[in-house]
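What follows is a single structure, written as structure tokens, with notes after it.
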Amino acid sequence: MRFVETEKLLSCVHCGLCLPSCPTYAELGTESDSPRGRILLMRSLEEGRLAPTDEVIAHLDGCLGCRACETACPSGVPYGSLIEAARPYLESRRSPTRRLARRALGALLTRRLPRRLTFSVVRALGGSRPAIALARALAATPFGPWLAYAAAAPPARPAAPLAARTEAEGAYRGTALYLTGCVAETLFPDTARATVALLARAGVRVLVPAEQGCCGALALHLGDASGAHSHARRLLGALDLHGVDWVLPSAAGCGAFLRELSQHLPGNPAAGALAERTRDPLSLLAELGLPPPRGRLDRTVAVHDPCHLVHAQGVRDEPRRLLRTVPGLTLVDLEESDFCCGSAGTYNVTEPAMAARLLDRKLERIVASGAEVVAAANPGCLLQIRAGAIARSLPVRVEHPLELLAAAHGLGGA
Ligand code: SF4
Ligand code: SF4
């Protein structure tokens with residue numbers, strides 16, 4: 001069975017230097033739950049020396065796709081593209097019922113109407129005292145995590161949609177297309193508003209195209225490669241890149257996917273043009289710089305590094321550089337700041353047991369840091385860590401760094 005390029009598999013020299021950086025290996029200590037072990041499993045499947053039993057599939061499903069192993073690997077093994085290539089193969093080995101359930105989850109999150117309907121119920125509960133109390137009271141039951149996610153959602157409140165065009169303030173630096181995404185668009189519209197306002201303050205004209213839709217990253221994560229490619233082609237058809245300097249996605253997973261779009265749609269020149277222009281908004285703002293903030297934030301803040309920002313896009317120092325400009329704000333170190341929190345796309349839904357272990361691990365380190373606020377620049381991480389803090393009654397807030405920054409600049413925000 002050919003599902004992955006042999007040369008990429010063979011680039012692993014089995015040195016094991018990636019093992020300490022792998023969250024699932026750190027938790028389980030088993031070789032088959034490490035990057036090296038998973039590469040060996042993929043190679044054995046590929047060469048037909050191993051059958052895709054439930055046990056083998058479970059070890060590969062257990063991979064978060066966090067790509068921490070890629071950052072650690074001195075041999076440059078492209079682990080992310082290996083596991084992405086294996087996922088459609090694993091999908092084809094599942095029972096029809098499981099496959100259907102995973103497709104339904106993908107459709108729920110990526111199709112606008114069902115997503116908005118579902119999340120409107122969730123946001124009606126978001127931040128409310130009864131939802132928080134219920135999430136805490138039922139924390140030990142199977143409903144507990146779901147109630148905590150609902151309680152962690154930002155409360156719904158009426159707000160105008162994002163303007164299709166926002167002009168730059170001061171000296172013009174360039175034009176950006178802002179991608180509102182799917183989950184981010186529905187659950188975190190305030191982060192989008194903060195991002196656009198900060199970009200305008202940095203001298204960027206921001207265009208928000210209508211009818212963007214999902215980019216395809218979530219479908220790929222669920223092993224639906226053809227669904228991912230058709231989402232991506234639809235997005236390419238909806239965007240006009242003429243005169244556009246940057247394309248800025250609202251979620252780290254979308255950024256990582258779009259920056260590698262020419263690998264997913266080889267020979268498609270529009271995919272290459274989009275990939276070249278894609279940046280994370282934090283990285284662009286850190287490069288362009290902002291005028292000094294007008295206000296101050298007397299808070300102790302720890303930065304959590306979302307996997308697809310730090311490991312897939314190399315954005316690590318930028319949120320810290322931006323937050324350091326805020327008067328009154330004290331940054332503290334967070335141990336294992338670049339370890340996955342367990343959110344990982346849809347991992348917290350499909351692999352809830354390991355997701356809960358990784359969330360516990362993250363929260364322990366947050367408590368040890370002494371931070372009052374955790375800055376997490378990704379919608380999934382925000383929801384995951386916030387839900388965990390609510391369920392455990394921790395006195396810590398979890399905010400997007402751009403909302404903290406917007407608040408310091410008097411532009412709304414946290
Ligand atoms: S992607 Fe993350 S979870 Fe998967 S093998 Fe690499 S480090 Fe481990
Ligand atoms: S993935 Fe890289 S670091 Fe890990 S065992 Fe293979 S060569 Fe070594």
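Any read-out appearing in this document is the output of simple, stated calculations on the displayed coordinates, not a laboratory observation. These numbers were taken from a predicted model, which means no experiment stands behind them. When we count neighbours, we look across all protein chains shown, and the Cβ atoms used for this are built from the backbone with ideal geometry, even at glycine.
I'd like the distance separating the alpha-carbon centroids of region 350-414 and region 170-185, in whole Å. The two parts, judged by their Cα centres, are 24 Å apart. For the listed peptides 327-335, 356-364, a ranking on the average number of other beta carbons within 10 Å per residue, highest first, reads 356-364, 327-335.
In the distance distribution for the chain, Cα-Cα pairs more than 42 Å apart total 9 percent.
Magnitude of the charge dipole for region 294-407, about its Cα centre and with charges confined to Cβ atoms of Lys, Arg (+1) and Asp, Glu (-1), is about 260 debye. Amide H to amide H, with H built 1.01 Å from N, VAL303 comes under 5 Å of VAL332, LEU334, ALA375, counting only residues 5 or more places away or on other chains.
Our estimate of slack between HIS14 and ASP54, defined as 0.36 nm per intervening residue step minus the Cα-Cα distance, is 12.0 nm.
For region 305-325 and region 23-99, compute the distance between their C-alpha centroids and round to whole Å. Value for the Cα centre distance between the two parts: 26 Å. When the charge dipole of the chain is built from unit charges on Cβ atoms (+1 for Lys and Arg, -1 for Asp and Glu) and taken about the Cα centre, the candidate among LEU358, ALA286, ALA391 whose Cα reaches farthest toward its positive end is ALA391.
Estimated at 0.36 nm per residue, the fully extended path between HIS242 and LEU288 surpasses their Cα-Cα distance by 14.4 nm. By definition, a body whose alpha carbon gyration tensor gives a ≥ b ≥ c is oblate when a/c is 1.5 or more and a/b is not larger than b/c, and region 81-188 fits this oblate description.
Packing here is the average count of other Cβ atoms within 10 Å per residue, and on that basis the peptides 23-30, 248-255, highest first, run 248-255, 23-30. Here the dipole of the chain is about 1080 debye; that uses its Cα centre as origin and unit charges on the Cβ of Lys and Arg (positive) and Asp and Glu (negative). Dividing the helix sum by the residues of the chain, where each DSSP H run of 4 or more adds -39500 (n - 2.57), gives a mean residue ellipticity at 222 nm of -15000 deg cm²/dmol. When the chain is treated as a GNM, springs tying every alpha-carbon pair under 10 Å, which of VAL247, VAL374, VAL121 comes out with the largest mean-square fluctuation? Most flexible of the set in this elastic network: VAL121.
Packing, as the average of other Cβ atoms within 10 Å across residues, places the peptides 35-47, 215-227, 168-180 in the order 215-227, 35-47, 168-180, highest first. Under 5 Å from the amide H of ARG173 lie the amide H atoms of VAL204, ARG205, each residue being 5 or more positions distant or on a separate chain, with H modelled from the backbone and absent for Pro and chain starts.
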